[in-house]
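As structure tokens, the structure follows; a few thoughts come after it.
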Amino acid sequence: IYSCKATTGGGGGVVVEAGGAVSMSSGAQLRTNNAPAGGAAHVTGAGSSLTVDASEISSNTAMTTDGGGVYVEAGGRLTVTGAAMFENNQARTLQGRGGHIFCDAATLSVSGPSTFDGGYAPNGGSVAYTRGSSTVTFLGEAVLSNNVGSAQDISGVCSNAPLADAAFDDQVRQEGGTCTSTCSAGFWAQRAAGGDLMTSGACVACTVDPCPVAQYRGECQSHSDAACKPCSNKPAGALYTSGGIPFDNNNCEWTCGADFFLSGGSCVPCSANFFKLTVGDEACQPCPSSACAVGEYRDTCKTTGGTCVPCTTRPDAVAPP
């Protein structure tokens, strides 16, 4: 949709009202549109939604108020995902806020390698300006660049950057509501030394290396790497022989210990008069019962297998004078 104009209200190219839903995908474009607010699109009312998936919103203008690209309000939702591109959108007037996006009591969710470039908003929030009970989430891979807004302070500035990629500075501003920045799946937020997690941290890839024997790699948490955890899948009487298989499963290989044999998926103790000195799943062996040679006796079956060993004392021996 190119070069459309709304003379009143918002949404030069698209208007989504309560309960409505519009989805842009596969390279769809909203370009060079303008309106008093929301140059490209106006999303308003409970249940209204606009999804921008691997599509482009560029060179649109809010002529008199806010939201150069998209104006979202009153319970509306804007979802930006895939390799979406917001480029050169502007809120033109001196009071203009939200170069690319303006949210008022709405929800904004940004994920995927989305790019926000060249936004302009003289009154703050060159990428996004939110207020009221808006909820804003930027995932770590969003790229913000070359956006220009005022440096004046606005209450409730949202300074939690999309970690490791860009500092919000004046690019995202918020009055009220909640504003969060999280790392994508497979990454965790690492705090910089002496710094605040959300403004000076980095999204770090979760460790995927195998763990030592008897351990598996646990889940990567939002603010901590995936740590090795003890396996708990072996039965009593067994010993672990590997780490998790796959590496992040509580599934370490095991085998039965000495004096235990494998039966029905469990390690069962050898019966009386049977022994097993080695680690493994083989069966227990009967203790020998034959007599030993003169001067020898049969040792304990469970610990040595009942081998014959030389006698070291005689019951009738007399101590030398």
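The values are calculated or read from the model by the stated rules, or taken from the named source; none is laboratory data. Quick caveat: nothing in here was measured; it's all calculated off a predicted structure. When we count neighbours, we look across all protein chains shown, and the Cβ atoms used for this are built from the backbone with ideal geometry, even at glycine. Just so you know, the surface numbers come from the protein's heavy atoms only, side chains and all, with ligands and any DNA or RNA stripped out. Shrake-Rupley method; radii C 1.70, N 1.55, O 1.52, S 1.80 Å.
Remarks
- Candidates Asp66, Asp53 - the one that is farther than 16 Å from Gly99 by Cα and acidic (Asp, Glu): Asp53
- Each residue in region 126-151 was checked for being modelled with pLDDT of 65 or more and touching an Asp or Glu at 6+ places or on another chain (Cβ under 6 Å), and 5 of them qualify.
- Members of region 252-266 found to be open to solvent by less than 50 Å² (accessible area, probe 1.4 Å), under 16 Å from Gln285 (Cβ atoms) and assigned to a strand (DSSP E or B), listed by number: Cys256
- Filter pass, Asp248 being within 30 Å of the chain's Cα centre (by Cα), touching a residue at least 40 places away in the same chain (Cβ under 8 Å) and surrounded by 12 or more Cβ atoms within 10 Å (Cβ to Cβ): yes
- Residues (assigned to a loop (DSSP other than H, G, I, E, B) and closer than 22 Å to Ala185 by Cβ) located in region 209-233: Asp209, Pro210, Cys211, Gly218, Glu219, Cys220, Ser222, His223, Asp225, Ala226, Ala227
- Scan of region 2-51 for residues that are in contact (Cβ under 8 Å) with a residue 40 or more places away in the chain and either in a strand (DSSP E or B) or closer than 11 Å to Val70 by Cα (or both), ordered by number: Gly10, Gly11, Gly12, Gly13, Val16, Ala37, Gly38, Gly39, Ala40, Val43
- Residue selected from region 70-120 under the condition of a type in the set (Phe, Trp, Tyr) and surrounded by 24 or more Cβ atoms within 10 Å (Cβ to Cβ), by the criterion nearest to the chain's Cα centre (by Cα): Phe116
- Every condition in (1) more than 30 Å from Ala189 (Cβ to Cβ); (2) assigned to a loop (DSSP other than H, G, I, E, B); (3) open to solvent by less than 40 Å² (accessible area, probe 1.4 Å) holds for Ala236 except the one numbered (3).
- Condition check for Thr64: touching a residue at least 24 places away in the same chain (Cβ under 8 Å), open to solvent by 40 Å² or more (accessible area, probe 1.4 Å) and within 9 Å of Ala91 (Cα to Cα): yes
- Taking the criterion of being over 44 Å from the mean Cα position of the chain (by Cα), surrounded by 18 or more Cβ atoms within 10 Å (Cβ to Cβ) and either of a type in the set (A, V, I, L, M, F, W, C) or in a strand (DSSP E or B) (or both), the residues of region 267-283 that qualify are Cys270, Phe275.
- Qualifying residue in region 16-25 (condition: more than 19 Å from Ala121 (Cβ to Cβ), open to solvent by less than 40 Å² (accessible area, probe 1.4 Å) and touching a Lys or Arg at 6+ places or on another chain (Cβ under 6 Å)): no
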